[in-house]
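Each reported figure results from applying straightforward, stated rules to the coordinates on display, with no laboratory input. Given the structure is predicted, the values throughout are model-derived calculations rather than measurements. Using ideal geometry, Cβ is built from the backbone for each residue, glycine included, and neighbour counts are taken over all protein chains shown.
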Amino acid sequence: MSVFHEIRFHGRGGQGTVSAAALMALAAFEDGFESQAFPKFGSERRGAPVEAYVRISSTMIRAHNQVYAPDAVVIQDAGLLRSEALLRGLKRGGLIILNGEQNPDSESRDFRWICLPASQIGERHLGRSLPNTVLLGALAASTEWVSPGALEQAVTKLLASKGETLIKANIAALREGVGFITQAEEVVA
Amino acid sequence: MDKRDPFRHNVLTSGHRACSGCGEAMAARMVTDLIGPDAIYINATGCLQVFTTHNQQSAWQAPWIHSVFANAAAVASGVEAALRAKGKDTPVVVQAGDGGTFDIGLQCLSGMIERGHDVLFVCYDNEAYMNTGVQRSSSTPHAVRTTTSPPGRLSQGKHHLKKDVISIIAAHHMPYAATATIAYFPDLKAKVEKAMRIKGPRFLQILSPCPLGWVHDSALSVTVSRLAVETGLFPLIELEHGELTGVMRLAEQKPVEEYLRPQGRFKHLFGSKAGAVELRHLQALADARIRRYGLLDADTQWDTACAMQSVRHGRGGYASSMPTSEAVKNDT
Amino acid sequence: MTPKLDIEPGSSTAYHTGDWRTRQPVYRNKWPPCSQTCPASEDIQAWLALATEQHWQAAWQKLTERNPFPATMGRICYHACESACNRKHLDSAVNIHAMERYLGDRAITRKWSHKPVCDTPQTQRVAIVGAGPAGLSCAFQLARHGYPVTIFDAQAVPGGTLYSAIPDYRLPKSVLASEIDAILALGIELRLNSRVGKEISESDLRDQFDAVFLAIGSQRPRQYPGKESSRHRVMSGLEFLHRLNRGEQIALLSERKPKHVAVVGGGNTAIDVARCIRRLGAEVTVICAQDSHGNHHRELGTEMPASLQEVIEAETEGVQFIYRAGIRRLVRSGEHLSGIEIAHVDQVYDRHGDFNPVLFDGTEEFVPAGLAIFAIGQETDWQGLEQLSQSTQADGVWLGGDAVSKSKLAATAVGSGYQAAMSIMADLKGEPFVFDTHKKAQITFRQMSLHYYPKQSRHEGEVSEQRLDGFNEVETGLLDDDATHEARRCLSCGVCFMCDNCWHFCPDAAVIKKAGGYGIDDDYCKGCGICAQECPCGHIDMERLTG
Amino acid sequence: MKQLLEGSQAVAEAVRLCRPQVVAAYPITPQTHIIEHLAQQVANGELAAEFINAESEFGAASIVLGAVAGGARAFTATASQGLLLMTEVLYNIAGLRLPVVMVCANRAVGAPINIFSDHQDSMALRDAGWIQLYVESNQEAVDTLIQAYRIAEACELPVMVCMDGFFLTHTFESVDLPTQAAVDDFLPPFHFVRTLDPADPMTLGGGSEADNYQEYRSAQQAAVEDAQPVIEAFDAEFDDRFGRAHGGLLQAYRLDGAETALLGMGSLMGAVRDVVDKLRDRGQAVGALRLRCFRPFPAQALVRYLSGVQRIIVLEKAISIGAGGILASELRAALHQAGMMTPVESVIGGLGGRDLTPQVIESVFHETSRDEMGATFRFAPDHVMPDETDHG
């Protein structure tokens, strides 16, 4: 079966946005897909808005263009909604993973909203309000484009140089992100 | 050993096309012969490169490379890195003029020193861009006539001072930096040999008169560079890790005029009121350098008189024949 | 053809920059001023160079090639060489006479003997009349070259003036005797007490010998030209010195010992006399028609002929000098000499250059003196040699020494003996005689780069504290170490000492070093002139290329 | 083994596999990640090289010049202003015929200052005497870098591997890194005949005059021309050993039977392939030709590949100010020389990082030629949001 997904990550410099994209691509790669991850091209400045993109495909990815019509958007900082057109090009029925308490835009019925307090969860596990792995867990669980196991492998690989403790903490955060979705689904079910 | 002269290497041999009486050719010959052919020489663009390599002819008898004007120190960094990577300790020597040192080459030189490359950088300082026809450089002394600092109704030659490059270099806190001239061969020899014993970046600034640009008789290259020292205008100093560790004391201070007179590049200063002011300025500059480095009272055994001394290697005596060994033995 | 990316080392030598040259350096030895002025034409620089390397005997041999009296001359010669020495423009002249004396003394102490130059004995015999410095010098040269030589001398002791006229404090008799013995040891026959015309006739000389050298000296003092009939308390300087040297010094002044002695004359004999008189305990005034040293009218050449060094020594010893003074008359009260009347000398020499002082009236002064000694020159006594003295070299007769020289210096006599010997040998061999060829080029300090030489103070022998107590030598010789260092002070004017300056400084590597010297590689020399400019000793000349 | 790596890291790994002995560089976006990775490899002891932090790109180029002349395999990387600052030295390296390998992380040139990708930097150096290979993907970057050392050292010519900044350098994608043993087999140890060595002294970089300078240039031109079969042969040999080829000098895509050919270089060609597929699916006779080797310029090969098409569109991310498309001009000259009058449409786009999206490429294909208006080139239209165009 042919698979092709494009994801766009929004965040601020220092929130691990590009790392989140890389983790997502790496997880897909671990699951046997071709994948791509890259930042929106620009210099990296702490606090400034950042974008990163992921492509996941069952066939070789040839294009190196930016992602203009994502299947999902991950928003690491709800504050960005005020100033950035974060949902531009998002496909109808596309998924939005938002680091926040609730859907701020009740009008956007075209899209599927998932909101979770990723910063707080991240803070609990990492001692720092880093939402990225929590949101990745939620993205994986809600889309099943990558397996949570592959994500954990990706975390282990990408953070190998940062030490065991950080890996474990990130995996715990990731699992809580996954759990946030599965528990909700159980409730719905 | 050179095939024409068994007593020296002639790393820089004959047939080069330097002007008659070239101070830079002399300085380069002295330095490279002291270091010898077992070294790799990197040359910046300039007179030395131009007159030593010409249409498939080279005056060098050691491995030698020229790249461009500004990059000699960086090329040397690369050569040295290559040797280090290969586990070799062949000495690496840069030769550049004052343009390739004070001006366009300063950045690469600074980088080379900062990174601690084991390279000796030799600047043959002839105080202007001689290769292109005597334009001023930042090494050109105050009030000198060059084609780009001409005296005129509103000008007495170069307006600015000679850049104090040795202080800039020494401020890198490097192992060894020294000034020398062709006039004091024993001093130059001691400095080259000392530099070659030290590891890390080393720097020699050698005053090398240019008969063409300084406008003096080609026979006077040594004399003029000696006067530069004896007047205090060009102090001979050594700096190690930024500290002044050696000074050549002046046996006596000579008035700057003795140095300026034989040189046409200062000729415009003589015979006018404005020129007289610059002459006093130049004298004051010499006096200031003498005070700064203690050139008259430095506590050193090395002074301009003793550094000049000729050493007898043979015997004088008209028509004298070698003493017979018998004659020597009989004297008991 | 594709040009090569790597260029052959040293390939520039294919290009001959020598074509650029308009001037070329030439290595050329110069005859240095010391040797130039040496009356004996000693190659001073050569023997000093050997001494720098402590090749003492070789240095002595080199010296004695021209002068077999180093110990003697080192003591008594007025060393014009030192006045000419370029080193005085740097610090002070090389102490050449002390070096000469050092080598001579070393030879005497170590009993070095002269080596013949030629082992083949010659058959032609040479007679020499006079065993003074000229005769002995000539005999020495001839004997070295294998000629049988016979010297005739009227005196009982050889040495001529060296023996008779030099006081002991300047030249101990034993030193002279040793050097004469060394000369005679070459196989020279010496006939003392043999005056020509008495013990041997002129014709015998002509018959028995193939050549005759007359070196009879100037033994007859020029007399005071005054009209006074009395010679009481008046004598010549030579007579005084002769008598002193014969051991008469005590008798000389014992009878009514005068407190004041006047010595008339400006030459070295006058000084010798004056200094001897000081040693005998009297006050002495030297009356000299010429100017003192350094105070003369250069253009007139009126400096006193005596050596400055001697004058200084004399002054040190308390000798008084009156310059530009001529003698009007001797002032006597009866027989007794009370003094000399002198007057100012305006003109010393006449327009022919002869000594002929003009005295100004009204400038008269009185100089008290109980004894007046006239040291105003000497003349040759040709008695018994009337025929030979008229002969020429074509007749096989040579003249030399003081008898024919104006300067009357011992060194001149030595040089004269050398020249005579060379001329005689050339004549006997039928070869043309060439007078010293290497005196042409000269070198002044201006042609040299004196800054290449370190300043070094001159080494001197020690001076005796009790110099006036007797006739012992005033000055001792140099110590061994000092001699080496003093020799090294020689600048080697005009003669390469292989300092390497030209070789170091040549921007074109066109100076090639060889064993024992340098050469110019004409293929590459651009003629910049730095080698000549920076040659310390002025050995290199730049010559303009023609054509 | 296939890995998902950032392009910069992939290239750094490839550099490591080539065992350079000296690495010198000066950081400039978007090259920075490459040298950061190399610095870390050296710090970790994974790469036994002298890592020289140059004081400028000019210095960096000079250092690798010296290193190669000193007998060591060397590497440097730069972009944009840095490449231009190297210019004098790059000409010199080429003139000295030193086998230096460098990566140009292609970036626009100021002013106005712009850190994003286009080809104006390396195209400006097209006359410097370097072999220039433009890669499409990170895999190709890795493989081409390894080939580059082989080519450089065989031809005694410097090789510039041009990879688009950000599009490649900052993109994580899967890359198959060869094993060290395999690379060692492919790439012999460094040996350069003109090494500075007292045992065999030689003068390098001496002066020349009118009587032989032209001969030097003529020899250099011949050497670069002669590199064409070498580049092809090593790509083929690489294919044999590693199972991957990148077309040698150029790479055709669905050109058989094509009436229109889209010609271009670098990473944009991935999107071009996607567009070709799409257009072919709709029955358009279109193919693509990717020029991998811009220097030497493979004129004959281009003519051969393009002899069957009626329309050629050259898409390039560089402009020769005052003239227009550079690649298009050279292609026109090549065709003209071959007696072909095939129209060549020169389209310049993607400057300063502007994304040449599939939509833009497609619109270029649909646009009519403006040749009749006398213009030798046109700019590509700006990107339009996919929503507003074809969504299917």
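When each full DSSP H helix of chain A is screened for a Cα extent of at least 18 Å along its own axis and an average Kyte-Doolittle hydropathy of at least -0.5, the helices passing are A:17-30, A:164-188.
For chain D, the longest principal axis of the C-alpha atoms and the axis of helix D:7-17 are separated by about 40°.
Note on the stretch B:69-119: Rg/Rh from Cα positions, Kirkwood definition for Rh, rounded to two decimals, is 0.99.
A Förster distance of 30 Å, applied to the separation of the beta-carbon atoms of D:Ala210 and B:Gln135, puts the FRET efficiency at 0.80. Label-to-label distance, B:His281 versus C:Gln387, with points set 7 angstrom from Cα along the beta-carbon direction: 9.2 nm. For B:Val94, nonlocal amide neighbours, meaning residues 5 or more places apart or on other chains whose placed amide H falls under 5 Å from its own, are B:Ile42, B:Leu120, B:Phe121, B:Val122. For the stretch D:250-388, the alpha-carbon coordinates run over 45, 36, 30 Å along the three principal axes, in decreasing order. Between the stretch A:26-87 and the stretch C:295-357, the alpha-carbon centres lie 121 Å apart. Kirkwood radius, the stretch B:23-312, all distinct C-alpha pairs, inverse of mean reciprocal distance: 19.2 Å. Listed from fewest to most Cβ neighbours within 10 Å, the set C:Glu310, C:Glu53, D:Glu225 follows the order D:Glu225, C:Glu53, C:Glu310.
Please get the size of the charge dipole for the stretch D:177-263, origin at its Cα centre, with Cβ charges of +1 on Lys and Arg and -1 on Asp and Glu, quoted in debye to the nearest 20. Intermediate results must be reported in sequence, preceding the final value.
On the way: 5 positive and 16 negative charges, 53 e Å.
Here the stretch D:177-263 has a charge dipole of around 260 debye.
Just to confirm the number: angle between the C-alpha axis of helix D:80-95 and the first principal axis of chain D, 0 to 90 degrees, nearest 10? Between helix and principal axis, roughly 60 degrees. As a calculated quantity, the FRET efficiency between D:Ser307 and D:Arg241 at R0 = 41 Å, using C-beta atoms, amounts to about 0.80.
By how many nm would the segment from C:Glu239 to C:Ala177 grow when fully extended, if each residue of separation counts as 0.36 nm and the alpha-carbon distance is taken off? Please report the intermediate quantities before stating the final value.
Details: separation 62, 0.36 × 62 = 22.32 nm, distance 2.16 nm.
Extra length available between C:Glu239 and C:Ala177 comes to 20.2 nm.
For the stretch C:222-376, what does the alpha-carbon gyration tensor say about shape, rounded, prolate or oblate, given a ≥ b ≥ c as the root eigenvalues, a/c under 1.5 as rounded, and a/b over b/c as prolate? It comes out oblate by the Cα gyration axes.
By DSSP, the beta bridges lying fully in the stretch D:250-388 are antiparallel in about 25 percent of cases. Given H placed 1.01 Å from N in the peptide plane, which residues other than close sequence neighbours of C:Ile340 have an amide H under 5 Å from its amide H? Correct list: C:Val331, C:Val367, C:Ala369.
Kirkwood Rh, Cα Rg: Rg to Rh for chain C?
Values: Rg = 27.5 Å, Rh = 26.1 Å.
Reported Rg/Rh, Kirkwood definition of Rh: 1.05.
Ordered by the count of other Cβ atoms within 10 Å of each Cβ, fewest first, C:Ile312, C:Ile108 give C:Ile312, C:Ile108. In this structure, the pairs whose alpha-carbon distance is over 28 Å, taken from A:Lys157/D:Lys278; D:Lys278/D:Lys317; C:Lys198/C:Lys408; B:Lys163/B:Lys194; A:Lys40/D:Lys278, are A:Lys157/D:Lys278. Across the stretch C:117-123, computed HN-Hα scalar couplings (Karplus, 6.51 cos²θ - 1.76 cosθ + 1.60, θ = phi - 60°) run 7, 10, 7, 7, x, 8, 9 Hz from first to last residue, x flagging Gly and Pro.
Among the residues of D:81-90, the average count of other protein chain beta-carbon atoms within 10 Å of the residue beta-carbon is 1. The ranking of C:His504, B:His173 by Cβ neighbour count inside 10 Å, starting from the fewest, reads B:His173, C:His504.
Where nothing but the Cβ of Lys and Arg (+1) and of Asp and Glu (-1) is charged, how large is the charge dipole of the protein assembly as shown around its Cα centre, in debye to the nearest 20? Walk me through the numbers before you get to the answer.
Details: 138 positive and 170 negative charges, 572 e Å.
That gives the protein assembly as shown a dipole magnitude of about 2740 debye.
Report for chain B the percent antiparallel among DSSP-assigned beta bridges with both residues inside it, nearest 5. Roughly 30 percent of the DSSP beta bridges within chain B come out antiparallel. Pop the C-beta distance of D:Ala222 and C:Lys115 into the FRET formula with R0 = 60 Å and round what comes out to the nearest 0.05. It comes out at approximately 0.15.
Expressed in units of 2.2 N^0.38 Å, where N is the residue count, the Cα radius of gyration of the stretch D:2-242 is 0.96. The H on the amide N of D:Asp176, modeled in the peptide plane, is under 5 Å from the matching H of D:Gln3, each at least 5 residues off or on a different chain. Between D:Asp281 and A:Ser58, what is the label-point separation in nm under the 7 Å Cα-to-beta-carbon projection? Result for the modelled spin labels: 1.4 nm. In a simple Cβ point-charge model (Lys, Arg +1; Asp, Glu -1; nothing else charged), chain C has a dipole of about 280 debye relative to its Cα centre. When the square roots of the Cα gyration tensor eigenvalues are ordered a ≥ b ≥ c, the ratio a/c for the protein assembly as shown is 1.5 or more and a/b exceeds b/c, which makes its shape prolate.
Can you compute the helix-only [θ] at 222 nm over the protein assembly as shown? Use -39500 (n - 2.57) per DSSP H run of at least 4 residues, normalise by all residues, nearest 500 deg cm²/dmol.
Values: 46 runs with 489 residues, N = 1460.
Taking each H run of at least 4 residues, the total per residue is -10000 deg cm²/dmol.
For the stretch C:481-547 and the stretch D:145-186, write down the distance between their C-alpha centroids in whole Å. The stretch C:481-547 and the stretch D:145-186 have Cα centres separated by 62 Å.
Annotation for B:Thr148 and C:Arg246: the two label points, set 7 Å from Cα along the Cα-Cβ direction, are 9.4 nm apart. The residue among B:Pro186, B:Leu239, D:His366 whose Cα reaches farthest toward the positive pole of the charge dipole of the protein assembly as shown, with charges on the beta-carbon of Lys, Arg, Asp and Glu, is B:Pro186. Looking at the protein assembly as shown, the DSSP beta bridges with both ends there are about 40 percent antiparallel.
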